[in-house]
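The values are calculated or read from the model by the stated rules, or taken from the named source; none is laboratory data. Predicted model only: the values in this text are computed from it and were never measured. Quick reminder, even Gly has a Cβ in these numbers, built from the backbone with ideal geometry, and neighbours come from all protein chains shown. Keep in mind that these areas ignore ligands, DNA and RNA; they rest on the heavy atoms of the full protein, side chains included. Shrake-Rupley method; radii C 1.70, N 1.55, O 1.52, S 1.80 Å.
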Amino acid sequence: MSVTAEQILATHKANIDTLFGLTSKAFEGVEKLVELNVTASRAALADAASHTQAVLGVRDVQELLALQANLLQPLAEKSASYSRHLYDIASSTSSEFSRAFEAKAAEAQQNFVGLVDNAARNAPAGSETAVAVFKSAVSAANNAFESVQKAVKQASDVAEANFNAVTTQATNAAKTATANAAAAASAAAPKKR
């Protein structure tokens with residue numbers, strides 16, 4: 001099998017298209033990340049301003065303790081939400097790169113198998129055993145590659161499940177801490193007669 005100049009140019013064109021496509025996806029991920037950070041910064045600034053105003057309007061210690069206790073839960077929930085959005089952006093961008101890699105790997109695998117088949121058809125008489133051994137090795141390598149891809153997918157799924165579990169636990173812990181702090185604030189405040 002001989003490779004023509006047109007085939008080489010077509011391969012280079014496809015590779016350049018893939019490169020520009022992946023570069024575009026990377027920039028989309030960066031844009032989403034910048035947008036998330038700008039939104040989070042605006043929200044944090046607005047929250048800080050409103051909290052400062054609320055602190056300046058406090059009339060007694062009990063009200064201050066209650067205000068501080070009520071600050072924890074929304075802060076934890078916003079942090080968990082930010083982390084989730086960040087993870088989604090990274091996961092989405094990574095998925096695009098993975099799909100492109102898998103497509104290119106499958107294409108290269110098909111081309112290689114075609115090359116091996118062509119070489120086997122044109123092999124001299126008596127080399128059938130060597131060709132069969134080589135085809136078997138190629139098949140084993142392909143199976144190993146597919147197994148690795150499946151293992152990586154399973155590991156990604158486990159990591160995502162763990163991330164979701166940790167986020168839920170952190171949010172629940174913040175809710176519990178807020179409730180405990182509010183109870184402690186009301187218990188510590190002087191009783192009015």
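So G126 fits all but one of (1) surrounded by 13 or more Cβ atoms within 10 Å (Cβ to Cβ); (2) more than 17 Å from F27 (Cα to Cα); what number is the exception?
Condition not satisfied by G126: (1).
Has the range 36-44 got at least one residue that is at pLDDT 90 or above, more than 30 Å from A181 (Cα to Cα) and under 29 Å from the mean Cα position of the chain (by Cα)?
Yes, the range 36-44 has at least one match.
Consider L22 against the criteria (1) surrounded by 11 or more Cβ atoms within 10 Å (Cβ to Cβ); (2) under 28 Å from A173 (Cβ atoms): it satisfies all of them except one. Which criterion is unmet?
Every listed condition holds for L22 apart from (2).
If you check V152 against the conditions, is it more than 21 Å from the chain's Cα centre (by Cα) and assigned to a helix (DSSP H, G or I)?
For V152, the condition - more than 21 Å from the chain's Cα centre (by Cα) and assigned to a helix (DSSP H, G or I) - is not met.
Test K32 against the criterion of being charged (D, E, K, R) and in contact (Cβ under 8 Å) with a residue 24 or more places away in the chain, and give yes or no.
It is true that K32 is charged (D, E, K, R) and in contact (Cβ under 8 Å) with a residue 24 or more places away in the chain.
Among the numbered criteria (1) closer than 30 Å to L19 by Cα; (2) open to solvent by 60 Å² or more (accessible area, probe 1.4 Å), which one does R59 miss?
Of everything listed in (1) closer than 30 Å to L19 by Cα; (2) open to solvent by 60 Å² or more (accessible area, probe 1.4 Å), R59 misses just condition (1).
Being over 30 Å from D157 (Cα atoms), part of a helix (DSSP H, G or I), touching a Leu at 6+ places or on another chain (Cβ under 8 Å) and at pLDDT 85 or above is the requirement here; does A54 meet it?
yes
If you go through the range 70-88 one residue at a time, do you hit one that is loosely packed, with under 12 Cβ neighbours inside 10 Å, of a type outside the set (A, V, I, L, M, F, W, C) and either under 27 Å from Q169 (Cα atoms) or out of contact with any helix residue (DSSP H, G or I) (no Cβ under 6 Å at 6 or more places or on another chain) (or both)?
No, the range 70-88 contains no residue that is loosely packed, with under 12 Cβ neighbours inside 10 Å, of a type outside the set (A, V, I, L, M, F, W, C) and either under 27 Å from Q169 (Cα atoms) or out of contact with any helix residue (DSSP H, G or I) (no Cβ under 6 Å at 6 or more places or on another chain) (or both).
For a quick check of your reading of the model, give me the residue pairs whose first member lies in the range 150-172 and is basic (K, R), whose second is in a helix (DSSP H, G or I) and open to solvent by less than 60 Å² (accessible area, probe 1.4 Å), with beta-carbon atoms closer than 9 Å and at least 6 apart or on different chains.
Cβ pairs passing all conditions: K153/S98.
Name the residue that is modelled with the highest pLDDT, counting only residues in the range 158-193 that are open to solvent by 70 Å² or more (accessible area, probe 1.4 Å) and charged (D, E, K, R).
So, considering only residues that are open to solvent by 70 Å² or more (accessible area, probe 1.4 Å) and charged (D, E, K, R), the one modelled with the highest pLDDT is K175.
Exactly one condition in (1) in a helix (DSSP H, G or I); (2) in contact with a helix residue (DSSP H, G or I) (Cβ under 7 Å, 6 or more places away or on another chain) is not met by D117; state its number.
So the condition that D117 fails would be (2).
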